[in-house]
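Notes to accompany the following structure.
The values are calculated or read from the model by the stated rules, or taken from the named source; none is laboratory data. All figures in this text were calculated on a predicted structure; none of them were measured in a lab. Here the Cβ positions follow ideal geometry from the backbone for every residue, glycine too, while neighbour counts run over all protein chains shown.
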Amino acid sequence: MATVTFDGASRYYAGNDKPAVDQLDLEVEDGEFLVLVGPSGCGKSTTLRMLAGLEGVDEGAIRIGEREVTNLPPKDRDIAMVFQNYALYPHMTVADNIGFHLKIKKMPKAERAERIQEAAKLLDLEPYLERKPAKLSGGQRQRVAMGRAIVRRPQVFCMDEPLSNLDAKLRVQTRTQIASLQRRLGVTTIYVTHDQVEAMTMGDRVAVLKDGVLQQCDTPIGLFGKPKNLFVAGFIGSPAMNLIPAKVNGEGALIGGQTIPLTPAQRSALTGTNVVVGVRPEGWTLKSDGEGIPAMVEVVEELGSDQFLYCSTSAELASVDTEPADEAEAPHTVTVRAPGMSAFQRGEKVALVPQPGAVHLFDAESGDRLPD
Amino acid sequence: MAREKKRWGLTIVGTVVALVFLFPYLIMLVGAFKPRREILQVPPAYLPDNWEPGNFLTMWDTPETPLPFNLLSTVVISLGGTALALLAALPAAYYTARHRFRLRLPFLLLVLVTQMLQPTVLASGLFREFVELGINDTWLAMILVNAAFNLSFAVWIMHSFFASVPNEIEEAAWLDGCSKGQSLRRIMLPLVWPGIVTAVIFTFIACWNEFAASLILLPTDVNQPLTVALTRFIGQYESAWQYVFAVSIIGILPVVALFALIEKHLVSGLTAGGVK
Ligand SMILES: Nc1ncnc2c1ncn2[C@@H]1O[C@H](COP(=O)(O)OP(=O)(O)O)[C@@H](O)[C@H]1O
Ligand SMILES: [Mg+2]
């Protein structure tokens, strides 16, 4: 068991002046399940591979516990990794795949068999121990890859999108299995995914990456409740938060004829005159009388438990003067969550009022969250 | 009914085609057992009146060529050439499959281009080179030549096998505690084995059959391989055809045996990427 520390770690790929991972500072606690999330190409895999020793560290350092591993070869890091394509050894049986590390470490045969059996039992792989990987289903292969990792009892688990090759239903099942298995074993885990739902449901903490730069690392509740900047606000949550550019005047920020008051602290932190007002779909109060932002229901998405309304507003929703070219991008649509089975109809006129506690304010220029 | 007829037709056509191809071999086989005077007999007979298995014994000791040395020559040159080609091709194939370096494609194409140069074209140049090096008319010279001419095929076929093994499999082995050498031996080698076998056998057969360069580079009869020795039996005034046939049989036996052995491998080897 161990902590994992990234200390200003950077990685430059040949022929690229921009680092794939830029000065990453991250501390993973002992036994913690940390999820790295971000859009494709943001450097998640590179981060994980730097930790595993499969990719060099050009600047900074990486430590596991007190041990500096920056320049250690992969075999000496005591890390087990689950790859996206599982990377099982095709010429070995399931049992040999799972036991390969123990064999390399020259563990006596009887003890090894016991450990393999134990892992196989945990993962329901006992009937398949003598099969070759080619004769397994996708889900079974995924479990063999997990088995190969847990049988080792390593200091750290690294998992790079281990569920992305499974179908949707199996993915949700396996998600909970992996999360509970990790809690039971208590091994420090770094898990990479591009799926924010996976990140929010599995992680003790979630680190959001963009273009190789760490945006925010917090608990799922922290990320959802207090996104540190516009990127995190838009990335976390589904459907995404409504982000509305607004001009600030003496009273506050103006959106669709409504005024959102700013605290003195927010005013002084503001660099320009514009803010972005963020309201999640569940942060609106729907009113049928005229008080609020007038809108019309365009699409009703019924999920049974919830209902999502896609409402068009008048063009003046954003109070910022937009260039004509940007006209198309200025938001006219607001997503609103209503209780499931509500009676909203397409074409219905509604009035939207942001709930006081549900408003996020961001500096339009820097994209940073204004103090609460 | 119609389908039955069609199958019969196919069998007959197949048999005829096979016979056409096998006929020279049959002549060779039968000829090897004929006494000398029966070979030149007019009109020729298909089967000998007197079977003469003694050809296979007397051929080892003739004034034309020291056949035991020739066989040894072929074996040494083939084994040496194959071993050397493999030794050079294996690391080259692994490296080009695993590393993207700047001159990777030019390198691979250059390797391919060497395949287009026939030994005959280069023989006189090689002859001078070996004279300079002082290894003219030696087995070593022919081992080098054979290895060089078979390198490109060996590199390419093994390259495609190495390339078909995902990087992550090797990386998984490193994380499982393997050194680079261990992962090569325990993971990569078993996975690319069919490719190696294919490359080795092709190279060996090519070395075994090589003729043109040996003819030019090996003037001394005890150094010459079977392919060259064979020509010694064909003289200006008379030819010992029974020995030509008998030696040919000895010469093609290993080739036939190897092909039979790898027939199955061959298909997967040539359609490479057997590992998923
Ligand atoms: N081997 C490589 N050589 C050059 N660039 C690479 C290499 N691997 C990844 N990259 C680049 O580095 C960036 C981060 O990649 P990666 O870590 O794989 O992203 P992610 O896993 O978040 O999708 C991408 O822009 C990608 O194109
Ligand atoms: Mg990735």
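Using beta carbons and a limit of 8 Å, which pairs, at least six apart or on different chains, have the first residue in the stretch A:293-320 and under 17 Å from A:Ala253 (Cβ atoms) and the second one basic (Lys, Arg)?
From residues that are under 17 Å from A:Ala253 (Cβ atoms), the pairs are A:Ser319/A:Lys247; A:Val320/A:Lys247.
Can you pull out every residue in the stretch B:52-96 that is among the aromatic types (Phe, Trp, Tyr) and more than 24 Å from B:Leu215 (Cβ to Cβ)?
Scanning the stretch B:52-96 gives B:Phe56, B:Tyr94, B:Tyr95.
Here's the yes/no breakdown for (1) under 27 Å from the mean Cα position of the chain (by Cα); (2) modelled with pLDDT of 95 or more; (3) under 30 Å from A:Ser10 (Cα atoms):
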| site | (1), (2), (3) |
| --- | --- |
| A:Ala52 | yes, yes, yes |
| A:Ile64 | yes, yes, yes |
| A:Phe100 | no, yes, no |
| A:Gly138 | yes, no, no |
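Residue-wise test of (1) surrounded by 10 or more Cβ atoms within 10 Å (Cβ to Cβ); (2) β-branched (Val, Ile, Thr).
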| position | (1), (2) |
| --- | --- |
| B:Lys5 | no, no |
| B:Leu10 | yes, no |
| B:Val20 | no, yes |
| B:Gly31 | yes, no |
| B:Lys34 | yes, no |
| B:Ile39 | yes, yes |
| B:Ala45 | yes, no |
| B:Pro48 | yes, no |
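Would you be able to say whether some residue in the stretch B:96-105 is out of contact with any Lys or Arg (no Cβ under 6 Å at 6 or more places or on another chain), of a type in the set (Phe, Trp, Tyr) and surrounded by fewer than 19 Cβ atoms within 10 Å (Cβ to Cβ)?
For the stretch B:96-105, residues out of contact with any Lys or Arg (no Cβ under 6 Å at 6 or more places or on another chain), of a type in the set (Phe, Trp, Tyr) and surrounded by fewer than 19 Cβ atoms within 10 Å (Cβ to Cβ): present.
Does A:Ala134 satisfy the criteria of being at pLDDT 95 or above and either touching a helix residue (DSSP H, G or I) at 6+ places or on another chain (Cβ under 9 Å) or more than 22 Å from A:Gln173 (Cβ to Cβ) (or both)?
No; evaluated as a whole, the condition is false for this residue.
Just to be sure I understand, how many residues within the stretch A:20-50 are more than 14 Å from the chain's Cα centre (by Cα), more than 16 Å from ligand 2 (Cβ to nearest atom) and crowded, with 16+ Cβ neighbours inside 10 Å?
The number of residues fulfilling the criteria is 5.
Check the stretch A:268-286 and report whether any residue there is under 25 Å from the mean Cα position of the chain (by Cα), touching a residue at least 24 places away in the same chain (Cβ under 8 Å) and loosely packed, with under 12 Cβ neighbours inside 10 Å. If you could, list the steps in order and put the result at the bottom.
Looking only at the stretch A:268-286, we keep the residues that are under 25 Å from the mean Cα position of the chain (by Cα), and these are A:276-284.
Filter once more, keeping what is touching a residue at least 24 places away in the same chain (Cβ under 8 Å): A:276-284.
From the residues that got through so far, the ones that are loosely packed, with under 12 Cβ neighbours inside 10 Å too are none.
Scanning the stretch A:268-286, I find no residue that is under 25 Å from the mean Cα position of the chain (by Cα), touching a residue at least 24 places away in the same chain (Cβ under 8 Å) and loosely packed, with under 12 Cβ neighbours inside 10 Å, so the answer is no.
Tally up the residues in the stretch A:1-19 that are within 16 Å of ligand 2 (Cβ to nearest atom) and buried (at least 22 other Cβ atoms within 10 Å of the Cβ), please.
So the answer is 1.
Can you find a residue that is closer than 30 Å to A:Ile150 by Cβ, out of contact with any Ser or Thr (no Cβ under 8 Å at 6 or more places or on another chain) and outside any helix (DSSP H, G or I) anywhere in the stretch B:185-201?
Within the stretch B:185-201 (the criterion being closer than 30 Å to A:Ile150 by Cβ, out of contact with any Ser or Thr (no Cβ under 8 Å at 6 or more places or on another chain) and outside any helix (DSSP H, G or I)), the answer is no, since none of the residues qualifies.
Find the strands (runs of 3 or more DSSP E) located wholly in the stretch A:20-133 whose residues include 1 or more that are away from ligand 1 (no atom under 15 Å from the Cβ), closer than 18 Å to A:Cys158 by Cα and more than 10 Å from chain B (Cβ to nearest Cβ), and list them.
A:21-28, A:33-37, A:59-64
I'm trying to understand the selection: among the residues of the stretch A:134-154, which are buried (at least 20 other Cβ atoms within 10 Å of the Cβ) and in a loop (DSSP other than H, G, I, E, B)?
A:Val151, A:Arg152, A:Pro154 - these are the residues of the stretch A:134-154 that are buried (at least 20 other Cβ atoms within 10 Å of the Cβ) and in a loop (DSSP other than H, G, I, E, B).
Looking at B:Val165 and the list (1) within 14 Å of chain A (Cβ to nearest Cβ); (2) under 27 Å from the mean Cα position of the chain (by Cα); (3) not in a helix (DSSP H, G or I), which single condition is not satisfied?
(2)
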